Amino acid sequence: MSPLGLITSCDLTPFANFSPCHTVAQTTPYGEPSDHLHHTRLAGHPVIMLQRHGPEHQLPPHQINYRANLWTLRAAGVQQVIGLATVGGIHPQLPPGTISLPDQLIDYTYGREHTFATTLRDTCGHIDFSSPYNTALHQALITAAQSSNIACRPNGVYGATQGPRLETAAEVRRLQQDGCDMVGMTGMPEASLARELNLAYTSLALVVNWAAGMDDDGIDLQHITACRNDGLYRVLQIIQTYCHQQTTVTGNKPDL
């Protein structure tokens, strides 16, 4: 049974019933990953967690070594990756506290190392990215949410912006016109790099605020933190249910 990879924005151990962790330091041909790998179990299923912003949340979105992060997870035997995301809600049905499984994305980032094809020895790097998230893993998490009686919007377009600043109201209106339902800063190139490595990747997004201009009260950074901490319990319940389903259903593991 291959471990499930969880790429997180913070330490998740206070929010779920993980088995005791042990950490492993890794190096890659692409430099150092954001953090050590944290090996644990959830509902009996092996899990490897990696904090994308580093152990002290010191790495802004545009300075994360996405290539090293994905590479080190694959080297550790991970085949499935869930990228946890905190996002701003744009769609009227995505208020703070909502959980969403986006099924599409638009990339507005720039200047990030976005491919493993960087030398003449590499293959050209073309990948089919029509559907940026793994369909089977995406559907399995929808099923897990339903089994957990946790409301989860099963689709949406994730707009990936550069950061680290939040967006202007005018920028959010542009994202809305482009068809984005939510906005975050770490969704790319994480998703496309996973596809290059043949990892089954999907995003599980928690809305922690209205995007700029979507609410008359503006953005309160302390409220964002409180909303994140409250919502992570429900997010991790979905993942725990998914892990439980993987460990109890033998001979019927989805081909991800």
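Since every read-out is calculated from the coordinates, none of them should be taken as a lab result. Everything numeric in this text was worked out from a predicted model, so none of it was measured. Glycine gets a Cβ as well: all are built from the backbone with ideal geometry, and neighbour counts include every protein chain shown.
Go through 185-196, 32-43 and give me the packing order, highest mean Cβ count within 10 Å leading.
Descending packing order for the listed peptides: 185-196, 32-43.
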Next item on the list: For the chain, give the share of DSSP beta bridges that are antiparallel, in percent and rounded to the nearest 5; count only bridges with both residues there.
Entry: 30 percent
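Quote the charge dipole size of the range 76-227 about the Cα centre in Debye, to the nearest 20; the model charges only the Cβ of Lys and Arg (+1) and of Asp and Glu (-1).
Using only the charged Cβ atoms, the result is roughly 260 debye.
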Checklist line | Karplus-derived HN-Hα couplings along the range 57-64 (A = 6.51, B = -1.76, C = 1.60, θ = phi - 60°), whole Hz, x at Gly and Pro | finding: 6, 9, 9, x, x, 7, 10, 6
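To make sure I understand, if each residue's beta carbon is the centre and we count other beta carbons within 10 Å, what order do Ser100, Ser131, Ser147 fall in, fewest to most?
So the ranking, lowest neighbour count to highest, is Ser131, Ser147, Ser100.
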Notebook entry, point to check: Each label point is 7 Å from the Cα along the Cα-to-Cβ direction; what then is the distance between the points at Tyr110 and Thr135, in nm?
Noted result: 3.5 nm
Next item on the list: Go through the range 187-201 residue by residue and turn each phi into a ³J(HN,Hα) via Karplus (6.51, -1.76, 1.60, θ = phi - 60°); whole Hz please, and just put x for glycine and proline.
Entry: x, 9, x, 4, 5, 6, 5, 4, 5, 4, 8, 6, 8, 6, 10
Margin query: Can you list residues from other chains, or at least 5 along the same chain, whose modelled amide H is less than 5 Å from the amide H of Leu204?
Written below: Gly83, Leu84, Ala85
Notebook entry, point to check: Which far-off residues, 5 or more places away or on another chain, put their amide H under 5 Å from the one on Arg153, with H placed in the peptide plane?
Noted result: Ile99, Ser100, Leu101
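In deg cm²/dmol, rounded to 500, what helix-only [θ] at 222 nm does the chain give when every DSSP H run of at least 4 residues adds -39500 (n - 2.57) and the total is split over its residues? If you can, show how the numbers build up before the last one.
Details: 5 runs with 68 residues, N = 256.
-8500 deg cm²/dmol, from helical runs alone.
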Item checked: Alpha-carbon spread of the range 57-115, three principal axes, descending order, Å -> 40, 27, 24
Item checked: Ascending count of other beta-carbon atoms within 10 Å, so fewest first, for Tyr108, Tyr242 -> Tyr108, Tyr242
Notebook entry, point to check: Short version: ³J(HN,Hα) in whole Hz for each residue of the range 34-46, in order, from phi by Karplus 6.51 cos²θ - 1.76 cosθ + 1.60 (θ = phi - 60°), x for Gly and Pro, what are they?
Noted result: 5, 7, 5, 7, 9, 8, 7, 9, 9, 6, x, 9, x
